[in-house]
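Have a look at the structure below before the remarks.
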Amino acid sequence: MTAPRPIRLTVNGVSYEAAVEPRTTLVDFLRQDLGLTGTHVGCEQGACGACTILLNGQAVRSCLMLAVQADGAEVMTVEGLGGRDGALHPLQQAFMEEHGLQCGFCTPGFLMSAYELLQQHPQPSDDEIKEALGGNLCRCTGYMAIMKSVRVAATKLRAASPAAAGTVEK
Ligand code: FES
Ligand code: FES
């Protein structure tokens, strides 16, 4: 066994210091060490997108990264999307209203990919939505409802805060 290495990172605005084995993946660290089980593990080989999180604002697959590689980073998981009062983020609200999920296994990954998209493109075209979600797989919902959910969320966010689409009040 290799000696644990110290890491420091911020997850959903909270600072953490931990000692992790160098082989620990970021998704395992988030789920097992921090108890943030909203990030799901599907294929564990970068194919399904269920483990998508934001690392320094960029959507990444946390099953393909080691926790030590996130040393010094700012991480956002699906738990960081909603308000502190438990209010759903407009993306979560839209997925619920537009039937963008069934079993929900893939949903955290879709939400984080869509969040990154709406940060960069508050009014995305269908092609931009497809491109952004192209690495996320869903076995049950079908992609039309997911696409519609993202469109509806974009409209909600623009209506709520034209200057800061993509954010939710904390
Ligand atoms: S679990 Fe990471 S891409 Fe599938
Ligand atoms: S809602 Fe079941 S896999 Fe997507």
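Summary table below
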{"quantity": "Residue list for the range 117-135, filter: within 14 Å of the chain's Cα centre (by Cα) and under 22 Å from residue 11 (Cα atoms)", "calculated": "117, 118, 119"}
{"quantity": "Residue that is nearest to residue 40 (Cα to Cα) [pool: residues in the range 66-116 that are among the hydroxyl-bearing types (Ser, Thr, Tyr) and either open to solvent by 10 Å² or more (accessible area, probe 1.4 Å) or over 12 Å from the mean Cα position of the chain (by Cα) (or both)]", "calculated": "107"}
{"quantity": "Residue check, residue 134 without any contact (Cβ under 8 Å) to a residue 12 or more places away in the chain, open to solvent by 20 Å² or more (accessible area, probe 1.4 Å) and within 16 Å of ligand 1 (Cβ to nearest atom)", "calculated": "yes"}
{"quantity": "Conditions (1) aliphatic (A, V, I, L, M); (2) at pLDDT 95 or above; (3) away from ligand 1 (no atom under 11 Å from the Cβ); (4) farther than 24 Å from residue 103 by Cα: number failed by residue 54", "calculated": "(4)"}
{"quantity": "Filtered residue count, the range 88-147, keeping only those that are hydroxyl-bearing (Ser, Thr, Tyr), more than 15 Å from residue 38 (Cα to Cα) and within 13 Å of ligand 2 (Cβ to nearest atom)", "calculated": "2"}
{"quantity": "Residues satisfying the stated conditions in the range 13-51, i.e. crowded, with 19+ Cβ neighbours inside 10 Å and outside any loop (DSSP other than H, G, I, E, B)", "calculated": "20, 25, 26, 27, 28, 29, 30, 31"}
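Let's see how each residue does on (1) within 16 Å of ligand 1 (Cβ to nearest atom); (2) free of Cβ contacts under 8 Å to residues at least 60 places away in the same chain; (3) acidic (Asp, Glu):
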residue: 74; (1), (2), (3): no, no, yes
residue: 82; (1), (2), (3): no, no, no
residue: 92; (1), (2), (3): no, yes, no
residue: 97; (1), (2), (3): no, yes, yes
residue: 144; (1), (2), (3): no, yes, no
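The values are calculated or read from the model by the stated rules, or taken from the named source; none is laboratory data. In this text the structure is predicted, and so the values were computed from the model without any measurement. Positions of Cβ are backbone-derived with ideal geometry, glycine not excepted, and every protein chain shown enters the neighbour counts. Heavy atoms of the whole protein, side chains included, go into the accessibility calculation; ligands, DNA and RNA do not. Shrake-Rupley method; radii C 1.70, N 1.55, O 1.52, S 1.80 Å.
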